[in-house]
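The block underneath contains the structure these notes are about, expressed in structure tokens.
The values are calculated or read from the model by the stated rules, or taken from the named source; none is laboratory data. What you are looking at is a predicted structure, and each value in this text was computed from that prediction instead of being measured. Methodologically, a virtual Cβ is constructed for each residue, glycine included, from the backbone with ideal geometry; neighbour enumeration extends over all protein chains shown.
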Amino acid sequence: MTGAIWEFTPGTNTWLLKNAVLPVSRGYIPTLAVYDFKVGTYLIYTGGGSDWNGTTLVDTNDSFKYDPIADSIGTIASIPRATAETRAVPWAFPKLPQEMLVMGGGRTPPNPSDEVNVYFPFTNGWGTYDHFITARRNFATDSNGGCDGFFGYGHIWLAGGYGSDGTPLSSMEIYCNPCAPPTPTATATTPPPSPTATATLTPPQPSPSPTIIDTPTPTPTSTPMPRVTPTPRPRPSPAPRP
């Protein structure tokens, strides 16, 4: 086993030994390069791998992250189960960041396994997806990357390997996931309440002021007083003579 990291350049067909080394020597490591938008480059993630105890291979759950530009390596959250002798494949659901799937594998009992562990690089956490059918190790497996939009299908293929009893397998399994958006579920909607009449303050309108019409006062007219005709004093009959 070794902890060395080598870089291959296809254009020049050359190998370069990097300065960074794994914290521990490991082999048969499930490894995947995932683009990290926060740093703007690909980072290489691992989950598990084989250790050599001097007699046999032993599965481990050590997990690391390597930055090939900075040539630096550090630990991440450990995969929940020990595994090795398998691959990690890329996977993504529509409009979500890429994930790393570690497919079964391992030889230390109870391995080999049919468990699928998923690592979320943006949260540094692990989860699990549905198990595949037949537990196996050292098998060929890959994916088409899953979904990068709401169209087509995400596929994972696996074939061959060694079963739980160590015998070679020829069976093949295919996982298929539609990338279409989920069908919306009808949700009961409470009708909006009827509008409540709102009292509006209306200022009282002033009563019209009475209009005073200036009616001229009639000028008094003097009424002639009737003339009193004196009543004649009665004259006595011829006064008696003395």
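How about region 27-62: which of its residues are part of a strand (DSSP E or B), over 23 Å from G127 (Cβ atoms) and not polar (S, T, N, Q)? First the steps, then the outcome.
Just the residues of region 27-62 that are part of a strand (DSSP E or B), to begin with: 27, 31-36, 41-46, 49-52, 57-60.
Pick out the ones that are also over 23 Å from G127 (Cβ atoms) and you get 27, 41, 50-52, 57-58.
Matches in region 27-62: G27, D51, W52, L57, V58.
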**Request:** Tally the residues that are loosely packed, with under 13 Cβ neighbours inside 10 Å and of a type in the set (K, R), restricting the search to region 18-54.
**Result:** 1
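Could you list all residues from region 109-142 that are among the charged types (D, E, K, R) and over 16 Å from T86 (Cα atoms)?
Within region 109-142, the first condition is being among the charged types (D, E, K, R), and the residues that meet it are 114-115, 130, 136-137, 142.
Passing the criteria: only D130.
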**Message:** If I ask for residues that are in a loop (DSSP other than H, G, I, E, B), in contact with a strand residue (DSSP E or B) (Cβ under 9 Å, 6 or more places away or on another chain) and not hydrophobic (A, V, I, L, M, F, W, C), which ones from region 95-123 would you list?
**Reply:** P97, Q98, G106, R107, T108, N111, P112, P121
**Residue that is nearest to the chain's Cα centre (by Cα), among those in region 84-105 that are over 10 Å from R136 (Cβ atoms) and of a type in the set (G, A, S)** = A92
**Request:** Taking D142 as meeting all but one of (1) at pLDDT below 95; (2) within 16 Å of I174 (Cβ to Cβ); (3) among the acidic types (D, E), write down the number of the exception.
**Result:** (1)
**Message:** Out of the residues in region 173-184 meeting the condition of being surrounded by 13 or more Cβ atoms within 10 Å (Cβ to Cβ) and modelled with pLDDT of 95 or more, tell me which one is nearest to L96 (Cα to Cα).
**Reply:** Y175
**Item:** Number of the condition not met by A70 [criteria: (1) free of Cβ contacts under 8 Å to residues at least 40 places away in the same chain; (2) farther than 21 Å from V24 by Cα]
**Value:** (2)
**Message:** Among the residues that make up region 64-81, is at least one of them surrounded by 23 or more Cβ atoms within 10 Å (Cβ to Cβ), part of a strand (DSSP E or B) and not small (G, A, S)?
**Reply:** no
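Matching residues to (1) out of contact with any Gly (no Cβ under 9 Å at 6 or more places or on another chain); (2) farther than 16 Å from I29 by Cα:
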{"site": "R81", "(1), (2)": "no, no"}
{"site": "A84", "(1), (2)": "no, no"}
{"site": "P90", "(1), (2)": "no, no"}
{"site": "M100", "(1), (2)": "no, no"}
{"site": "G104", "(1), (2)": "no, no"}
{"site": "G146", "(1), (2)": "no, yes"}
{"site": "F151", "(1), (2)": "yes, yes"}
{"site": "I156", "(1), (2)": "no, yes"}
{"site": "S171", "(1), (2)": "no, yes"}
